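Peer 1: So that we are looking at the same thing, I have put the structure below in structure tokens.
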Amino acid sequence: MPRHPKIAASTQGLTSRVFSALVPRIKAYEGETFPLHVGDTWLEPLPAARAETLATADHPLVHTYPPPHGMEALIEAVAGKLERRHGVTRTRDEIQIMPGATGALNAIIRALLDPGDEVIIPSPFWPLIRGLIGSRGAVPVQVPFYTRLSEPGVDVEALLEEAITDRTVAIYLNTPNNPTGVTLTEAQLDAVANVAKRHDLWVWTDEVYEDIYLHDTPPPAPLWTRPDMADRTIATHSMSKAYGLSGTRVGYSHGPADVMTVVRGVQTFVTYCAPRPMQVLAARALDQGDEWLAATREAYREQAHKAADALGMEVPSGGTFLFFDAKPYLDEEGDSALPLLLRCVDEAGVILVPGSATGTGYDRWVRLCFTSVGPERLDRALDGLRKVLGR
Ligand SMILES: Cc1ncc(COP(=O)(O)O)c(C=O)c1O
């Protein structure tokens, strides 16, 4: 029992600093620094979705509580977007407005897991998902996955099957994936669906990068749109990435109405609601932002090409990251990318993420976000990086 001054066992080791080893070196660096560790954007959002449009005179009581379910205008905008993008109708009962995808997944985790339950998190993964599950007292079960999908003859069902126990409740699936940029094919999605159905599992799909596809075609239809998966899938989306609204903390989830009632109940006790002013902006971004989104995707593609070129990599199919094995840039025995990350800071001011934040077994890997700074700054960052890497 965690009596003073102890803390809960389930939150031991949780920190907001995923990259703490680099912090003193970043502080000591005197030149221009490049925050390619943050998954964010240099772009301002669609003009209609900017905070400066929210004058109180035009939006009386915009600072008051909205309903915990979400504002009607945003729920409608979400339904409209899902219909336009995926041709699927979601009712208002099936939709819940959330304080970002982080808040959404937190509520879903709290609604569906008891302490000790297990969730399969295919790795490498978005760094926060492991701690979100762990802080519920549940167990994130890592399965090396996205980096293995290109192996010849890989059996996707077998990869997941090996990790299932009688405590497994759900599979968390993120495609396009942070950090690899991998987008699951239809056949790979079939495999995930088969495993979930065989073992009566929930599937929590993380659709945060659905609109940031870097090749010509959008990702295949997500699992939540399949009639045979609709009753077991809860999908989560965010305004942060594609719409450049990360600081506004708005996202949304949808799933079967009965479970969404429970998720809504839990969310009420977590943050009560997503902020009303930001919901107004999010609704406008969804309703009016299709052109902005297409132009942004184009700009992100250019950034992806530049960054991939600098590192001698292929452009990933989606997302805002490059993820690479740093082995060629390390000493012979080097099994951690940390020495390279320190050199990137010390010699070029470039901040990158150690792969260890994205899962066990990825210590030698590195994540770079190519959208956190604009084109000219990215050029300077990549020049510096080329010098450090000797490319
Ligand atoms: C895969 C993935 N899921 C969820 C999130 C969190 O998104 P939000 O800003 O909406 O909380 C991120 C942010 O980096 C992410 O990469």
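Peer 1: Excluding residues fewer than 8 places away in the same chain, name every one of the lysines whose C-alpha is closer than 26 Å to that of Lys27.
Peer 2: Lys387
Peer 1: Related question: Based on the mean of other beta carbon atoms within 10 Å per residue, what is the order of 320-328, 20-28, 172-180, most packed first?
Peer 2: Most protected by this proxy first, the peptides run 172-180, 320-328, 20-28.
Peer 1: Still on this structure, I have one more. Please list, in chain and number order, the residues 5+ apart from Ile212 or on another chain whose amide H is under 5 Å from its amide H, with Hs placed from the backbone.
Peer 2: Gly319
Peer 1: Considering only Gly181, Gly251, Gly318, whose Cα is most displaced toward the positive end of the charge dipole of the chain, charges sitting on Cβ of Lys, Arg (+1) and Asp, Glu (-1)?
Peer 2: Going by the Cα projections, it comes out as Gly251.
Peer 1: Something else: How high is the FRET efficiency between His63 and Asp155 when r is their beta carbon distance and R₀ equals 51 Å, given to the nearest 0.05?
Peer 2: 0.40
Peer 1: Further question: Cβ neighbours within 10 Å, averaged per peptide: list 279-286, 34-41 in order, most packed at the top. All intermediate terms of the calculation are to be shown ahead of the outcome.
Peer 2: Details: 279-286: 25.4, 34-41: 20.9.
Ranked by mean Cβ neighbours within 10 Å, highest first: 279-286, 34-41.
Peer 1: Could you state the number of Å between the C-alpha centres of segment 46-72 and segment 1-32?
Peer 2: 35
Peer 1: Whole number please: convex hull volume per residue, Cα atoms of the chain, in Å³.
Peer 2: 164
Peer 1: Just add up the charged neighbours of Phe370: K/R +1, D/E -1, any other residue whose Cβ is under 12 Å from the Cβ of Phe370.
Peer 2: In short, 0.
Peer 1: What is the dipole size for the chain, taken about its Cα centre, with +1 at each Lys and Arg Cβ and -1 at each Asp and Glu Cβ, in debye to the nearest 20?
Peer 2: Charge dipole, the chain, about its Cα centre: 1120 debye, nearest 20.
Peer 1: Determine the distance separating the Cα centre of segment 89-147 from the Cα centre of segment 334-391; give it in Å without decimals.
Peer 2: 27
Peer 1: According to the square roots a ≥ b ≥ c of the eigenvalues of the Cα gyration tensor, what is the shape class of segment 135-284, taking rounded for a/c under 1.5, prolate for a/b larger than b/c otherwise, and oblate for the remainder? Numbers along the way, then the final one.
Peer 2: Numbers: a/c = 1.93, a/b = 1.32, b/c = 1.46.
It comes out oblate by the Cα gyration axes.
Peer 1: I'd like the antiparallel share, as a percent to the nearest 5, of DSSP beta bridges with both residues in the chain. Let's see the in-between values first.
Peer 2: On the way: 16 of 35 bridges.
Around 45 percent antiparallel, to the nearest 5.
Peer 1: Further question: Once you have the Cα-Cα distance between Arg50 and Arg226, take 0.36 nm times their residue separation minus that, and quote the gain in nm to one decimal.
Peer 2: Length difference between fully extended and current span is 59.9 nm.
Here, each number is a calculation from the coordinates, and none is a lab measurement. The structure presented is a predicted model; accordingly, all values stated were derived computationally and were not measured. We place every Cβ from the backbone using ideal geometry, glycine too, and count neighbours over all the protein chains shown.
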